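Readers should treat all values here as calculations from the given coordinates under stated rules, not as data from a laboratory. Note that the structure is a prediction, hence the values are computed from the model and not measured. In this analysis, Cβ positions are derived from the backbone assuming ideal geometry, glycine residues included, and neighbour counts consider all displayed protein chains.
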């Protein structure tokens with residue numbers, strides 16, 4: 001089964017690659033495809049590293065007394081974080097466990113963080129109604145500032161994705177307006193100089209049509225801050241979309 005999944009992944013990646021390079025000049029296609037196909041065999045290495053971390057966390061969780069809610073909550077949330085961009089079903093299972101433990105700890109902040117995590121999984125899976133049903137029960141003024149910025153940012157993402165798939169202009173405009181308002185609220189709750197603050201400034205400019213300014217600022221973010229793998233991937237993804245908007249297909253592929 002693992003071999004089949006790997007073959008499917010490679011085939012699908014190859015198909016996507018062919019579509020992506022269709023708009024790229026012929027003299028750069030071979031180079032870009034070569035770089036892409038060199039990276040494909042390495043995905044197993046990254047998966048293996050993540051699975052080792054997951055196995056370690058599960059082993060720790062299995063050896064912690066069921067009465068130690070604090071430690072079990074911590075480990076369950078770590079497992080959710082490992083799974084959230086990897087396997088949605090497992091991420092869902094561990095964020096549910098995290099929320100149950102937060103309730104047992106009677107810690108409102110931990111409960112809200114678990115609800116935000118549940119919202120992230122739902123938005124990533126395209127379950128927008130389920131995400132909003134949970135997120136809109138949270139009172140933002142009860143959150144710590146850093147969690148409030150994540151909360152508003154997630155609502156901005158949710159409404160932004162809803163706007164993209166809506167075919168009804170009235171709803172598209174409503175979702176676009178809500179997405180912009182929540183992104184602005186997220187920015188107001190970030191600390192100057194942090195990654196999320198710098199990223200949101202650039203992303204908001206992109207969404208509001210200041211495309212060249214956004215392109216410049218997000219490129220600066222890549223150069224000035226040492227980013228983790230996830231943040232680095234997010235910035236490159238957005239820069240790829242900006243480059244595509246600016247009719248720069250070579251740069252879009254590179255990102």
**Prompt:** Can you spot a residue in the stretch 51-71 that is within 20 Å of the chain's Cα centre (by Cα), surrounded by fewer than 15 Cβ atoms within 10 Å (Cβ to Cβ) and over 28 Å from residue 178 (Cβ atoms)?
**Reply:** yes
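Yes or no, residue by residue, for (1) farther than 22 Å from residue 179 by Cα; (2) assigned to a helix (DSSP H, G or I):
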residue	(1), (2)
190	no, no
205	no, yes
219	yes, yes
240	no, yes
**Fill in**
Per the list (1) in a helix (DSSP H, G or I); (2) under 27 Å from residue 143 (Cβ atoms); (3) under 18 Å from the mean Cα position of the chain (by Cα), residue check on residue 185 breaks on (3)
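If we scan the stretch 195-214, do we find a residue that is at positive phi, more than 19 Å from the chain's Cα centre (by Cα) and surrounded by fewer than 18 Cβ atoms within 10 Å (Cβ to Cβ)? Before the answer, list the steps.
Of all residues in the stretch 195-214, those at positive phi come to 209.
Among the residues that remain, those that are also more than 19 Å from the chain's Cα centre (by Cα) are: 209.
Filter once more, keeping what is surrounded by fewer than 18 Cβ atoms within 10 Å (Cβ to Cβ): 209.
For the stretch 195-214, residues at positive phi, more than 19 Å from the chain's Cα centre (by Cα) and surrounded by fewer than 18 Cβ atoms within 10 Å (Cβ to Cβ): present.
I'm trying to understand the selection: among the residues of the stretch 77-120, which are outside any helix (DSSP H, G or I) and either touching a strand residue (DSSP E or B) at 6+ places or on another chain (Cβ under 9 Å) or under 21 Å from residue 66 (Cα atoms) (or both)? Give the steps one after another, and end with the answer.
Let us first name the residues in the stretch 77-120 that are outside any helix (DSSP H, G or I), namely 84-87, 106-107.
Correct list: 106, 107.
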**From 149, 177, residue being farther than 28 Å from residue 114 by Cβ and either touching a residue at least 40 places away in the same chain (Cβ under 8 Å) or part of a helix (DSSP H, G or I) (or both)** = 177
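Would you confirm whether or not the stretch 239-248 contains a residue that is closer than 25 Å to residue 129 by Cα and surrounded by fewer than 18 Cβ atoms within 10 Å (Cβ to Cβ)? Quick ask: steps written out before the conclusion?
If we filter the stretch 239-248 for residues that are closer than 25 Å to residue 129 by Cα, which is where we start, we get none.
No, there is no match, as no residue in the stretch 239-248 is closer than 25 Å to residue 129 by Cα and surrounded by fewer than 18 Cβ atoms within 10 Å (Cβ to Cβ).
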